[in-house]
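Student: Below is a structure I'd like to ask you about.
What follows is calculated from the coordinates using simple rules that are stated; it is not laboratory data. Keep in mind the model is a prediction, meaning the values are calculated, not measured. Here the Cβ is made from the backbone with ideal geometry for all residues, glycine too, and neighbour counts use every protein chain on show.
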Amino acid sequence: MKKVPFLIVLILFFFLNLNVLVYSANSTDLNETDAGITPESPFYKVDLFWENLTLKLTLNNQKKVDKLTNNANERIAEMNKVDPEKNLEWIDKLYDEYGVSLSMANDILSGLVCDGKISDEKLAKYQDKIEKTVLNEENIKENVKNKLNQEIVEKVKEVKVDSYLTALPLSRSKEDLKKLNELKLNPGLIIKLQSLVHVSDYTLDEILELDIYKDNKKVKEIDFNKLEQELGLSKEGLIDNLKDFNKVLKEINKDKENNVNNENKDKDKEKLDEIKEKIKDKDENKGKTREVRNKK
């Protein structure tokens, strides 16, 4: 008997929420993402159930990236609707879920790139969507930001760095991809390492020799505290520089499409070189360490 009322509620919820689902799917402005049903509503758990169900039933990985970024943006919209004074626990939970959805989108997109299962055009579309989802996090209201658990904030910062590395519109070396695949690294790490090669001016071999990985992990992952020691940049510094790098790369790619003259190309290259200079080693001792590595 209990199954019948639940089914009725589920059907009613579907029709009530249909407009929100259609709007989210078609909206191009992430600042206008509708929060839909918020955690304060008794229907919120049904909303999450429906969201998770549709994600599990989505077999196409490109569409999964779409859904995950939509979910991440919805979490931000929900955070801005919830009163942080009354629902502090929900604020942290929503922010954590934003990071989890974005991280999953990064991993799936990285897998598609490593397996060669996505066209350049589609890749550019999803990279742009991931970047916009990261930028959308800046729209969290100040009174909400100030209440966030700092441990979760640091965790999401790492996801933001991952996202910018995943979203860099690079012309990725097939030779490097093959080499990294042969090392049996996970796709997410492969894409991040390739991006670090471009933004840091290190060679792939040098990047692989850096002490930047988490200890005691079965799956190799970047330790951002170690990465900071090696590159001399904090997570915040990396986020700012990667954001700038991404912007300039898009300008370069746009210039290529429009056959822009060499003068503009030279200016774009200068901008990239300036950003790389910021990311280079700032510590003299690390520079010496790098020289030693190069001699080996």
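Student: Between residue 89 and residue 145, take the C-beta separation as r, use R0 = 22 Å, and let me know the FRET efficiency to the nearest 0.05. Before the final figure, lay out the partial values.
Tutor: Values: r = 16 Å, r/R0 = 0.73.
Here the calculated transfer efficiency is 0.85.
Student: Got a sec to turn the phi values of the stretch 121-129 into Karplus ³J(HN,Hα) couplings, 6.51 cos²θ - 1.76 cosθ + 1.60 with θ = phi - 60°, whole Hz, x for Gly and Pro?
Tutor: Calculated HN-Hα couplings, in order: 5, 5, 4, 4, 4, 6, 4, 5, 5 Hz.
Student: Report ³J(HN,Hα) in whole Hz for each residue of the stretch 144-153, in order, from the Karplus equation J = 6.51 cos²θ - 1.76 cosθ + 1.60 where θ = phi - 60°; Gly and Pro get x.
Tutor: After applying 6.51 cos²θ - 1.76 cosθ + 1.60, I find 7, 4, 5, 9, 5, 5, 5, 5, 6, 4 Hz.
Student: Also, I was wondering about something else. Output the direction-averaged projected area (hull surface divided by four) of the convex hull of the alpha-carbon atoms of the stretch 128-184, in nm².
Tutor: 5.3
Student: Sticking with this structure for a sec: In the calculated pair distance distribution of the stretch 173-228, what percentage of Cα-Cα distances lie above 14 Å?
Tutor: Percent of Cα pairs beyond 14 Å in the stretch 173-228: 53.
Student: Across every pair of different alpha-carbon atoms, what Kirkwood hydrodynamic radius in Å does the stretch 18-175 reach?
Tutor: On the way: mean 1/r = 0.0618 Å⁻¹.
Hydrodynamic radius (Kirkwood, Cα only) of the stretch 18-175 equals 16.2 Å.
Student: What is the projected area of the convex hull of the Cα atoms of the stretch 95-217, averaged over all directions, in nm²?
Tutor: If I average the Cα hull's projected area over directions, I get 8.4 nm².
Student: Please report the spacing between the Cα centers of the stretch 200-226 and the stretch 81-147 in Å, no decimals.
Tutor: The distance from the Cα centre of the stretch 200-226 to that of the stretch 81-147 comes to 24 Å.
Student: Something else about it: Equivalent ellipsoid semi-axes for the stretch 52-130, as square roots of 5 times the alpha carbon gyration tensor eigenvalues: give them largest first, rounded to whole Å.
Tutor: Calculated on Cα positions only, the semi-axes equal 28, 12, 10 Å.
Student: On a 18 Å Cα-Cα criterion, which of the cross-link pairs 81/129; 117/178; 192/276; 64/125; 93/243 come out too long?
Tutor: 81/129; 93/243
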